[in-house]
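Data block below; observations after.
The values are calculated or read from the model by the stated rules, or taken from the named source; none is laboratory data. Quick caveat, the model's predicted, so the values are computed rather than measured. No Cβ is skipped: glycine too gets one built from the backbone with ideal geometry, and neighbour counts run over all protein chains shown. For the accessible areas, the whole protein counts, side chains as well, though only heavy atoms, and no ligand, DNA or RNA atoms are used. Shrake-Rupley method; radii C 1.70, N 1.55, O 1.52, S 1.80 Å.
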Amino acid sequence: MSLPSRRPASAVALCAVACAFLLAACGADTPPPAKSAAVAAPAAAPAPAPAPPPAQKPDTEEKRLASELWIWGFPLVLTDVTREVATAGIGMNVFKHERGVPDATTAGAVNPNADFLYSQAWLDLAKGPVLLLVPDTKERYYLLALLDAYTNVAGSIGKRTTGTEARTFALVGPHYKGSVPETATEVRLPTELAWIFARTAVSDTADIANAIKVQDQFKLTVSGAPSKAPKGKAAKGKGAKDKSKAEPKAEPAPAPAAQVDTTTSPRDQVVAMDATRFFTRLALLLPGNPPPKEDAEIVAKLKKLGIEPGKPFNATQLDVAKQRSLEEGIRAAVAAVQGAAGGLAGADIRHGWRIDRALGRWGTDYGRRAIAAWNGIGQNAPEDAIFMSTYLDAAGKRLDGANRYVLHFAAGALPPTSAFWSLSLYDSQQKFVPNAQNRFNIGNSDRLHRNPDGSLDIAIAPDPPGGAMDANWLPAPKGPFNLILRVYWPKQAVIDGHWNPPGPKLVTK
């Protein structure tokens with residue numbers, strides 16, 4: 001099964017911007033020690049000891065190189081640390097399921113999503129194919145995003161791409177040369193470390209039990225030793241026979257993870273790494289997760305810095321000035337990415353909504369990729385979902401529950417989707433708002449009241465509007481809040497920006 005790797009139509013060259021910022025962030029070189037006034041010594045006095053040599057200045061080019069390579073490698077190292085934490089005591093090639101949807105009592109989640117039950121599995125494709133079995137979901141929407149080690153969406157399995165019938169897929173890594181079982185469709189991933197981020201749609205709390213039954217039918221098994229295809233001819237897709245006839249087997253239970261920090265966030269763990277630890281981890285990941293051919297310039301720069309795939313990197317073997325250059329370059333990169341993570345990072349603003357239509361496939365936009373990873377790995381490909389957020393009303397003023405608002409969609413201008421859309425509301429802490437109805441989102445899966453002309457109004461306020469409009473009420477807190485509109489399987493008008501949501505209007509009467 002061929003998985004396209006489409007780049008965003010209009011990539012933003014944030015890498016250059018980030019690098020420019022990094023040079024400024026590196027700061028001025030440390031000056032040499034100030035010279036003290038010389039005093040003539042008596043003739044009989046011993047000669048003064050020679051003054052110590054000035055401190056060696058960090059090399060600007062080394063700092064720039066270290067910064068650029070940290071930005072490039074941060075998503076890969078973050079993915080591996082995240083994998084390490086997520087699989088501690090569980091192991092690879094095993095699904096882990098969330099069995100409920102968040103509500104106002106859910107702790108820890110930021111801008112939680114009540115549209116799905118989530119599942120995830122971390123894959124080790126170095127040992128050969130991993131068979132993925134998906135059930136007949138009876139037309140229920142589901143999505144299994146396949147992410148590579150660099151945080152790119154390498155492919156999607158689900159209602160949009162493969163339908164809702166029961167299927168078997170053989171997931172293989174970039175170096176695999178064998179065949180796959182004839183009942184399976186081959187899916188080749190570009191890295192041996194991969195992540196399945198799965199979502200199973202739920203319509204309401206009463207539907208959770210049904211969605212759990214679907215989750216339980218997602219299965220992963222490690223294939224038996226498959227036969228080798230002729231040299232240079234890897235088996236392709238459905239119909240390639242597995243001559244070994246070995247049955248798939250379950251991954252053995254893992255031994256308890258040793259020395260895995262499961263309390264510090266993966267991002268903080270990566271940020272705390274010095275040059276030796278970071279570049280060693282990066283180098284050891286490269287053989288199984290080869291950079292794409294578009295990264296040839298980066299590969300050359302890795303070599304220039306002394307980073308060899310599969311070999312540890314030891315910064316302490318460098319002279320003091322180079323060590324300092326590497327450490328300062330890394331700190332500058334961290335500061336640059338952290339500072340940019342709170343900005344737009346290439347997103348559009350339309351009617352007060354922040355909309356990013358080019359996530360999930362980064363190409364050579366390493367700066368933007370690093371910023372997105374800083375904010376959280378697991379971005380959607382735009383054809384799978386586009387999220388839009390706002391904390392402003394149509395007049396550009398802060399949304400606040402002291403007021404009442406209406407989000408008006410004209411007839412024929414609802415979010416264009418082949419699946420569904422939902423609107424969620426969050427308080428100033430990005431949490432769901434407690435309310436008697438336990439209603440935290442609203443969308444086209446609900447029984448909404450339409451106006452006579454076919455348009456739709458969503459009432460946003462602390463108190464219900466009354467009458468038929470109660471069906472369209474999204475409860476708000478008494479204070480500031482923000483909204484997120486999620487469009488799943490969006491139509492092209494959403495992807496290319498021809499459709500944008502209207503701003504919420506203040507109700508003045």
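Residues are listed down the side, and each one gets a yes or a no for (1) over 22 Å from Tyr176 (Cβ atoms); (2) part of a loop (DSSP other than H, G, I, E, B); (3) modelled with pLDDT of 95 or more; (4) among the polar types (S, T, N, Q):
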{"site": "Glu84", "(1), (2), (3), (4)": "yes, no, yes, no"}
{"site": "Val94", "(1), (2), (3), (4)": "no, yes, yes, no"}
{"site": "Thr106", "(1), (2), (3), (4)": "yes, yes, no, yes"}
{"site": "Asn111", "(1), (2), (3), (4)": "yes, yes, no, yes"}
{"site": "Gln120", "(1), (2), (3), (4)": "yes, no, yes, yes"}
{"site": "Leu123", "(1), (2), (3), (4)": "no, no, yes, no"}
{"site": "Leu132", "(1), (2), (3), (4)": "no, no, yes, no"}
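Please enumerate the residues belonging to region 137-158 that are in a loop (DSSP other than H, G, I, E, B) and either in contact with a strand residue (DSSP E or B) (Cβ under 9 Å, 6 or more places away or on another chain) or under 19 Å from Arg361 (Cα atoms) (or both).
Thr137, Arg140, Tyr141, Asp148, Ala149, Tyr150, Thr151, Asn152
Just to check your reading of the model, which residue among Ala240, Ala255, Ala229 is at pLDDT below 50, crowded, with 19+ Cβ neighbours inside 10 Å and out of contact with any helix residue (DSSP H, G or I) (no Cβ under 9 Å at 6 or more places or on another chain)?
Ala240
Give just the number: which of (1) of a type outside the set (Val, Ile, Thr); (2) in a helix (DSSP H, G or I); (3) surrounded by fewer than 17 Cβ atoms within 10 Å (Cβ to Cβ) does Leu302 not satisfy?
It is condition (3) that Leu302 fails.
When the residues of region 184-206 are narrowed to those that are open to solvent by 20 Å² or more (accessible area, probe 1.4 Å) and of a type in the set (Asp, Glu), which ends up farthest from Asp446 (Cα to Cα)?
This residue is Glu192.
Give the residue, chosen from Gly412, Gly343, Gly360, that is part of a loop (DSSP other than H, G, I, E, B) and either open to solvent by 40 Å² or more (accessible area, probe 1.4 Å) or not small (Gly, Ala, Ser) (or both).
Gly412
Exactly one condition in (1) modelled with pLDDT of 95 or more; (2) surrounded by fewer than 16 Cβ atoms within 10 Å (Cβ to Cβ) is not met by Gly89; state its number.
Only one criterion in (1) modelled with pLDDT of 95 or more; (2) surrounded by fewer than 16 Cβ atoms within 10 Å (Cβ to Cβ) is unmet by Gly89, namely (1).
Being assigned to a helix (DSSP H, G or I) and either under 30 Å from the mean Cα position of the chain (by Cα) or of a type in the set (Asp, Glu) (or both) is the filter; apply it to region 451-509 and report the residue that is surrounded by the most Cβ atoms within 10 Å (Cβ to Cβ).
Restricting to residues being assigned to a helix (DSSP H, G or I) and either under 30 Å from the mean Cα position of the chain (by Cα) or of a type in the set (Asp, Glu) (or both), the top hit is Val494.
Could you list, in sequence order, the residues of region 355-385 that are at pLDDT 95 or above and among the aromatic types (Phe, Trp, Tyr)?
Tyr366, Trp374 - these are the residues of region 355-385 that are at pLDDT 95 or above and among the aromatic types (Phe, Trp, Tyr).
What tally of residues in region 159-183 results from selecting those that are under 20 Å from Val214 (Cα atoms), in a loop (DSSP other than H, G, I, E, B), open to solvent by less than 40 Å² (accessible area, probe 1.4 Å) and not β-branched (Val, Ile, Thr)?
The number of residues fulfilling the criteria is 1.
Select from region 431-450 the residues that are of a type outside the set (Lys, Arg) and open to solvent by less than 60 Å² (accessible area, probe 1.4 Å) and list them in ascending order.
Selection gives Phe432, Val433, Asn435, Phe440, Asn441, Ile442, Gly443, Leu448.
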